[in-house]
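One structure is given here, and the rest of the page talks about it.
The values are calculated or read from the model by the stated rules, or taken from the named source; none is laboratory data. Everything numeric here is computed off the predicted structure, so don't read it as measured data. Heads up, the Cβs are rebuilt from the backbone with ideal geometry, glycines too, and the neighbour counts pull from every protein chain shown. Surface areas here come from the heavy atoms of the whole protein model, side chains and all, with no ligands, DNA or RNA. Shrake-Rupley method; radii C 1.70, N 1.55, O 1.52, S 1.80 Å.
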Amino acid sequence: MKNVEKPSTEHRITPDTRFEYTQIAVRHDESQKVAWCHMYGIPRPCFTQTLLTENLDYFHYLSNQSDEDLSYLVHASKSPGTYSFGGDLQLFIQLIRNKDKESLFKYAKSCVDGIYAKTIHFNRDITVISLVQGDALGGGFECALACDILIAERDAKMGFPEILFNLFPGMGAYTLLSRRIGGAKADRVILGGTLYTAEQLYEMGVIDILAEEGRGEQAVYEYIKKENRYKNGYRSYREIRHIFDPISYEELIGITRIWVDAALRLEPRDIRMMERLVSRQTEKNHLQVHDGKLTNAHGSAQG
């Protein structure tokens, strides 16, 4: 494919703001060589432009570390009951109504840059784990699928609702899902618009580890202990999988360009459906911001 832009580095915030973020929380467990990156988009747990920028900034940091202080990254969420609602539908509505193709593609490319960075392990020897506690929809599901290991608590739900507003998930869904369960099953998941339980997805082979409710973090450390015991075998085998079925940046960007064109063809009735989904997400979330802190509906701080 011609004229494909490579992942951008323009997202850098400042050279001296390491881990000082507003919509992600970063914690390094040095004893286990694990980095925890928790997301919490505001005002809804979706990929706001701020969240995308901060994610990419931290991924850039990881890509430029040559030491062996970290062996694992866990991508999780601090939003109660939600991993991520995915793309910022409110922003999509605005850009589509304004026919702003350039801004829509720029947003989508930022999503792809984050997805791709995880699929290539930030150009280093690191295992990327997603921990899903709650709903992972659309781009949130894509984000979870981009990791090497997908761990989900039993009460989590995931799916791609995009077909309900006449669109499709265009930042890696088919690329990532088809490599896990095959093209025919990926078609059914993506075009069905169905919300699946974690148990259903585990049986399908989408989820690698099914944890009981409230025991997701424990499941992460149990997996890390197991991989550490057989690290040479696990990571060598993963290299074989990437050789056999590689994911290219060109593939992801090509699909995203189709998504942008399709989004700009949406009709008013499709936009109204998107607006209804935004309202449902807002009602479900029950998150507020008080004095710059994320709280739940009862006003208690969320970390």
Pick from the stretch 154-193 the residues that are under 17 Å from Asp245 (Cα atoms) and in a loop (DSSP other than H, G, I, E, B): which of them is least open to solvent (accessible area, probe 1.4 Å)?
-> Gly172
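Okay, residues lined up against (1) modelled with pLDDT of 95 or more; (2) within 21 Å of Asp125 (Cβ to Cβ); (3) in contact with a strand residue (DSSP E or B) (Cβ under 8 Å, 6 or more places away or on another chain):
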residue: Pro43; (1), (2), (3): no, no, yes
residue: Phe47; (1), (2), (3): yes, no, yes
residue: Leu52; (1), (2), (3): yes, no, no
residue: Glu68; (1), (2), (3): no, yes, no
residue: Leu73; (1), (2), (3): yes, yes, yes
For the stretch 198-224, what are the residues that are open to solvent by 50 Å² or more (accessible area, probe 1.4 Å) and among the aromatic types (Phe, Trp, Tyr)?
-> Tyr202, Tyr221
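Every residue, every condition in (1) at pLDDT 95 or above; (2) under 20 Å from Ala76 (Cβ atoms); (3) hydroxyl-bearing (Ser, Thr, Tyr); (4) touching a Phe, Trp or Tyr at 6+ places or on another chain (Cβ under 9 Å), yes or no:
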| position | (1), (2), (3), (4) |
| --- | --- |
| Lys157 | yes, yes, no, yes |
| Phe168 | yes, no, no, yes |
| Leu201 | yes, yes, no, no |
| Asp208 | yes, yes, no, yes |
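Return yes or no: is Phe105 over 12 Å from the mean Cα position of the chain (by Cα) and either among the small types (Gly, Ala, Ser) or under 25 Å from Val278 (Cα atoms) (or both)?
So Phe105 fits the description; yes.
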Which listed residue, of Glu227, Glu251, is open to solvent by 20 Å² or more (accessible area, probe 1.4 Å) and modelled with pLDDT of 95 or more = Glu251
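When you check Arg97 against the structure, is it modelled with pLDDT under 95, farther than 18 Å from Ile129 by Cα and not hydrophobic (A, V, I, L, M, F, W, C), yes or no? I'd like the intermediate steps shown before the answer.
Values: modelled with pLDDT under 95: no; farther than 18 Å from Ile129 by Cα: yes; not hydrophobic (A, V, I, L, M, F, W, C): yes.
So Arg97 fails the test.
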Residues of the stretch 230-248 that turn out to be of a type outside the set (Lys, Arg), open to solvent by 60 Å² or more (accessible area, probe 1.4 Å) and in a helix (DSSP H, G or I), as a count = 8
If you take the residues in the stretch 31-59 that are open to solvent by 50 Å² or more (accessible area, probe 1.4 Å) and assigned to a helix (DSSP H, G or I), which one is nearest to Phe92 (Cα to Cα)?
-> Gln49
Among the residues of the stretch 199-221, which ones are part of a helix (DSSP H, G or I) and within 15 Å of Glu142 (Cα to Cα)?
-> Leu201
Met1 fails exactly one of the following numbered conditions: (1) modelled with pLDDT under 95; (2) under 29 Å from Ala263 (Cα atoms); (3) within 20 Å of the chain's Cα centre (by Cα); (4) not acidic (Asp, Glu). What is the number of that condition?
-> (3)
